[in-house]
Amino acid sequence: MTIWADGDALPANARDLLFRAATRVQVSLVLVANKSLRVPDNPYVSCVLVEAGADVADHWIVARVQAGDLVVTADIPLASRVVAQGAEALDPRGTLY
């Protein structure tokens, strides 16, 4: 299982919660964004920088997500696409799509 986060619009408090959760349950967390994000020095946390542009991060996540993964996003179309692939999707407040 991998946790994918649409990092461009992810609130800082949700990001911090995800950092702690990934460490606690020892699962990979990948933030995907088109701007540089600060992430802790943590073997479970990484950040992928994609090109700027509409939905570039979304397409990158959809191309890599697998059934059983979790995607954290406020983007309803992205959530719909990953759920169709067998992944789970949460909004940054913790509501399951």
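With the gyration tensor restricted to C-alpha atoms of the chain, the semi-axes of the equivalent ellipsoid amount to 18, 16, 12 Å, longest first.
Entry note, the chain: relative contact order of 27 percent, from Cα contacts under 8 Å with a spacing of 6+ residues.
Taking 0.36 nm per residue of separation and subtracting the Cα-Cα distance, full extension of the segment from His59 to Thr2 would add 18.9 nm.
Computing the accessible area with a 1.4 Å probe over protein heavy atoms, can you report the carbon and sulfur percentage for the chain? All intermediate terms of the calculation are to be shown ahead of the outcome.
Values: 2890 of 5500 Å².
Its accessible area is 53 percent carbon and sulfur atoms.
Using helices alone, what [θ] at 222 nm do you get for the chain, with -39,500 (n - 2.57) per DSSP H run of 4 or more residues, divided over all residues and rounded to the nearest 500?
-10000 deg cm²/dmol
Taking other residues whose beta carbon is less than 13 angstrom from the beta carbon of Gly53, and scoring Lys, Arg as +1 and Asp, Glu as -1, yields -3.
Per residue, the accessible area of the chain comes to 57 Å², computed with a 1.4 Å probe over protein heavy atoms only.
Can you give the direction-averaged projected area of the convex hull of the alpha-carbon atoms in segment 1-46, in nm²?
Working: hull surface 11.6 nm².
Over every viewing direction, the Cα hull of segment 1-46 projects on average to 2.9 nm².
The values are calculated or read from the model by the stated rules, or taken from the named source; none is laboratory data. Small disclaimer: the values here were computed from a predicted structure and weren't measured. Glycine also receives a Cβ, built like all others from the backbone with ideal geometry; neighbour counts cover every protein chain displayed. Just the protein is used for accessible areas: all its heavy atoms, side chains included, with ligands, DNA and RNA removed. Shrake-Rupley method; radii C 1.70, N 1.55, O 1.52, S 1.80 Å.
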